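The values are calculated or read from the model by the stated rules, or taken from the named source; none is laboratory data. Everything numeric here is computed off the predicted structure, so don't read it as measured data. Quick reminder, even Gly has a Cβ in these numbers, built from the backbone with ideal geometry, and neighbours come from all protein chains shown. Side chains are part of the model used for accessible areas, which takes the heavy atoms of the whole protein and leaves out ligands, DNA and RNA. Shrake-Rupley method; radii C 1.70, N 1.55, O 1.52, S 1.80 Å.
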Amino acid sequence: MSENFVYDVPKTLPVILLLDNSGSMASGGNINVLNNAVNTMLKSFRELDSVIATISVSIISFGSNVKMISKLLPVEEVADINLTASGSTPYGEALRMAKDMIEAKDNFPSRSYRPAIITVSDGMPNDDWQSALEAFKNTGRSSKCHCMAMSIGAGDGTPAFDVLSKFAGGAENVFFANNAKDIHKFFKFITTTIKTRTQSSNPNLIPVLDFASIPEVSDDDEDILY
């Protein structure tokens, strides 16, 4: 074999999860459903086989404190989550932590595609979230991210939904979850979106997918692990 032969190394597609584990997420067992839905998604990502892009994942939780559960790592190195619900909703601090990571170029080598940032929350932030959100959306590298959100229980027109709408760039990019099936369906949609990007000739382009086309989750779906 020629010594000059060079293998193409796939670029990475970063996925950053901002997960609300405040005390209210204990209601209806939502925190357990969230754990299982995220872990199912991670399992699917680990099984992905693409020569175009690999997936790296970072997970930040915000509840009684803001914690980086996983720094940005290849998905094969990211452990399953097991969040518990307690405390308030310091979303602004979580946004600042995410932005600091995104702005640090060492975390995002030149061979990186446009990051996908997903927020999941069930309530109104109770810290200085306004300035953090404005900086995240309008300055630096974070302003170029693909943002999506899921509102658990807080419907369109509520202040909590409005916060997520501002993060995601419009209400059409916020998905409403009213029960466990909705939470799992959202993460199936995220999985489909990310997989589609890794298989695209240009993973920086965001696919236009119909959320309604994602199959409903049945009561005996093996992805739902209570």
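Take R141 and D106, extend 7 Å from each Cα along the Cα→Cβ direction, and tell me the distance between the two endpoints in nm.
1.2
Tell me the carbon and sulfur percent of the accessible area for the chain, rounded to whole percent, probe radius 1.4 Å. Before the final figure, lay out the partial values.
Details: 5370 of 10820 Å².
So the carbon and sulfur contribution to the accessible surface is 50 percent.
Helix 159-168 versus the longest principal axis of the chain: what angle, 0 to 90°, nearest 10, using Cα atoms?
Once rounded, the angle reads 10 degrees.
Calculate how steeply helix 129-138 sits against the longest principal axis of the alpha-carbon atoms of the chain, using the helix alpha-carbon long axis, and give the answer as 0 to 90 degrees to the nearest 10.
30
About the Cα centre of the range 30-183, what is the dipole size in debye to 20, counting +1 per Lys and Arg Cβ and -1 per Asp and Glu Cβ, all else neutral? Intermediate values should be presented prior to the final figure.
Numbers: 14 positive and 17 negative charges, 76 e Å.
Using Cβ point charges on Lys, Arg, Asp and Glu, the range 30-183 gives about 360 debye.
By per-residue mean of other Cβ atoms within 10 Å, what is the highest-first order of 169-179, 89-99?
On the way: 169-179: 15.8, 89-99: 23.2.
Most protected by this proxy first, the peptides run 89-99, 169-179.
May I ask for the angle, rounded to the nearest 10°, between helix 91-103 and the longest principal axis of the chain, with both axes built from Cα atoms and the value confined to 0 to 90°?
With rounding to tens, the tilt is 10 degrees.
Jot down the radius of gyration and Dmax of the chain, Cα atoms only, both in angstrom.
According to the Cα coordinates of the chain, Rg and Dmax are 17.2, 63 Å.
Under 5 Å between amide hydrogens, which residues at least 5 positions from C147 or on another chain qualify, with H placed 1.01 Å from N in the peptide plane?
Correct list: I117.
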